[in-house]
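These notes are about the structure you will find just below.
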Amino acid sequence: IDEIIEESFERLGIQDVTGYHLKSSRRSLNIMFQEWGNRGLHYWEVGELDLDLIEGQAEYKFFRSSGDGTSATSTPNGIYGISDVLEAQLRSDRTSTDQSDSPMTKVDRSIYAGFSNKLSKGTPNQYWVQRFIDHVSISVYPTPDSTNASKDMHIYYIKRIQDVGDYTNAADLPFRFIPCMVSGLAYYLAQKYQPQMIQQMKLLYEDEFQRALQEDGSASSTHITPKAYYPGA
């Protein structure tokens, strides 16, 4: 982190970095990482977990961090920092070769609110995600019955980008995003120390960020087959 900060200041023509410069730049980095959460999906922050389902329990809460006054036992599987859920499956026999997954459907508030008895028991096949300030809540429907309580809800979720922390830490991102991280910090610092360079730094930042986003993720094969159409048929 300290090398990232030093490089960003050098791009602004500032050589003598003081202690307050370090504190100010670390704050800007944390704000920038939070802003990246509004820029679409970052594939390196996708995680997965097997949520232990409990018979008759509809809601499962994942808190933002252990600093929210929660213990590891009060948040499912001791997982913190979930931002959103991408997809989920109902998984049985996860530790055996007979493991099987059944897809679950993500619904919105209106559909979940329309369920007459939200505590009815059965085989969970739908879920609703609520995103609060300090935690994310996952509600399943129907709630697991005795035959499904031993199953898991396998979840792919989006993790929050971790704050900078100590200056000797490594950034919570892959090497491909280091260039746009430096350019982004230089842009944020220009707003405070070199206002005349704001536009220049912003153009460099946005250009490098777009290249990093295009490279992010993993490629897969795509096959497009034209549909046969016969007029009058």
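The values are calculated or read from the model by the stated rules, or taken from the named source; none is laboratory data. Computed from a prediction, not measured in an experiment: that's the story for all the values here. Cβ coordinates were reconstructed from backbone atoms using ideal geometry, including for glycine residues, and neighbour counts include every protein chain displayed. SASA here: full protein model, heavy atoms, side chains in, ligands and nucleic acids out. Shrake-Rupley method; radii C 1.70, N 1.55, O 1.52, S 1.80 Å.
Remark: the range 38-177 carries 54 Å² of accessible area per residue (probe radius 1.4 Å; ligands, DNA and RNA excluded). Amide H contacts of S83 (H built 1.01 Å from N, in plane; Pro and chain starts excluded): I158, K159, R160 sit under 5 Å, all sequence-distant by 5 or more or on other chains. Length gained on full extension, S65 to D50: 3.5 nm, using 0.36 nm per residue less the C-alpha separation.
Summarising the amide proton neighbourhood of Q126: residues at separation of 5 or more, or on other chains, whose placed amide H is nearer than 5 Å comprise T105, Y141.
Pick the calculated Rg/Rh (Cα atoms, Kirkwood Rh) for this structure from [x] 1.10; [y] 0.93; [z] 1.00? Entry [x].
Extent of the range 18-118 along its three principal axes (Cα atoms, max minus min coordinate, largest first): 59, 36, 29 Å. Over every Cα atom in the range 85-191, the radius of gyration and the widest Cα-Cα span, Dmax, amount to 20.0, 60 Å.
Just the protein heavy atoms count here, and of the accessible area of the chain at 1.4 Å, carbon and sulfur take up 49 percent. Binning the C-alpha pair distances of the range 157-203 at 10 Å intervals from 0 yields a P(r) profile of 24, 41, 31, 4, 0 %, listed from the shortest bin outward. Distance between the modelled labels on Q34 and R176, one decimal in nanometres: 2.7 nm (7 Å Cα→Cβ projection).
Each residue, E215 and F115, gets one label point 7 Å from its Cα in the Cβ direction; the gap between the two is 4.3 nm.
Across the range 160-165, computed HN-Hα scalar couplings (Karplus, 6.51 cos²θ - 1.76 cosθ + 1.60, θ = phi - 60°) run 6, 5, 5, 5, 4, x Hz from first to last residue, x flagging Gly and Pro.
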